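Data first, discussion second: the structure below is written as structure tokens.
The values are calculated or read from the model by the stated rules, or taken from the named source; none is laboratory data. Because the structure is a prediction, the values reported are computed rather than measured. Neighbour counts run over all protein chains shown; Cβ positions are idealised from the backbone, glycine included. Ligands, DNA and RNA are excluded from the accessible area calculation, which covers all protein heavy atoms including side chains. Shrake-Rupley method; radii C 1.70, N 1.55, O 1.52, S 1.80 Å.
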Amino acid sequence: MVGEESLRTALEFRRGFARRQADEVVELPGGFAVLSERYRYSHEHNQLVLDVPPSGVDVAGLAEEVLGHLGHRRIAVFDEAAGQALAPGLVAAGYQHEVELVMVHRGPVPAPGGAEQVELAELAPVLERQWRSWLPWAADDSIAQLVSRRTAREAGADRVLILAARDTDGEFGAWADLYQDAAGTAQIEDLATAEHRQRRGLADRVLTTALHLAAEQAPDGLRFVVADAEDWPQQWYARRGFVTVGRTHGFVRM
């Protein structure tokens, strides 16, 4: 697929994934909102997802109306020009602006990397320790929701796998989700390595396994990740055959 078509396919997948795992979907001008009381601390499960809001729409006001019962506000804007246009006003309203790169795999399909498919119950203790490291101030119920929200993702796509690689001591050291729809489009998401197990090739094992499994299911399907435009993983992905096909915008206020 050419870049523009790849971007459209990836964004359509992300819209569908957000809708399918939501407890409630609210239609809005230029997009929709997803809500989940079960995972009220999860930005992923409680956010506005917009393309191009009609002229004159108060996006910050929409966020207050829909997300006002929560302790956070998150607005995802999938159109580049709309995201740039909304940025000054939302930043002035107290939002942090994040730019994300949609990166598509163009390299050769790797051999399986040796990671394995696991159940959430197996990985949950590792995820809890990692979230406590990232968010040491977070309450227990918040951490529990951030771990268990992977259960909701099972409804997001036709195929949802949790993949993990074990370190030499047998403990899980890196992990990711693989989401794939019936058309073969696949997203690799939440790829992470435990902080004390970095630089051991564990994330590579997870990534190559995910790419291989996705291509095995749909050789011609699109395979993509979303990476922070300001952080180092984008360069790590680029060295592994991913190319940027577009940008999306996130606005977060706590």
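Residues in the range 96-112 that are open to solvent by 60 Å² or more (accessible area, probe 1.4 Å) and part of a loop (DSSP other than H, G, I, E, B): Arg106, Pro108, Val109, Ala111, Pro112. Checking each residue in the range 9-28 for being open to solvent by 20 Å² or more (accessible area, probe 1.4 Å), small (Gly, Ala, Ser) and assigned to a helix (DSSP H, G or I) picks out only Gly16.
Among the residues of the range 187-207, not a single one is touching a residue at least 60 places away in the same chain (Cβ under 8 Å), under 30 Å from Leu70 (Cα atoms), open to solvent by 50 Å² or more (accessible area, probe 1.4 Å) and in contact with a Phe, Trp or Tyr (Cβ under 8 Å, 6 or more places away or on another chain). Those strands (runs of 3 or more DSSP E) of the range 150-254 in which at least 1 residues are more than 30 Å from Ala85 (Cβ to Cβ) and of a type outside the set (A, V, I, L, M, F, W, C), considering only elements entirely within it, cover 159-166, 172-180, 186-193, 223-228.
Of all residues in the range 129-147, those satisfying the criterion of being farther than 18 Å from Ser36 by Cβ, open to solvent by less than 80 Å² (accessible area, probe 1.4 Å) and within 19 Å of the chain's Cα centre (by Cα) are Gln130, Leu135. Taking the numbered list (1) hydrophobic (A, V, I, L, M, F, W, C); (2) under 23 Å from Arg150 (Cβ atoms); (3) in contact with a helix residue (DSSP H, G or I) (Cβ under 8 Å, 6 or more places away or on another chain) in turn, Val245 passes all entries but (2). For the range 34-65, filtered to residues that are among the aliphatic types (A, V, I, L, M) and in a loop (DSSP other than H, G, I, E, B), the residue that is surrounded by the fewest Cβ atoms within 10 Å (Cβ to Cβ) is Val57.
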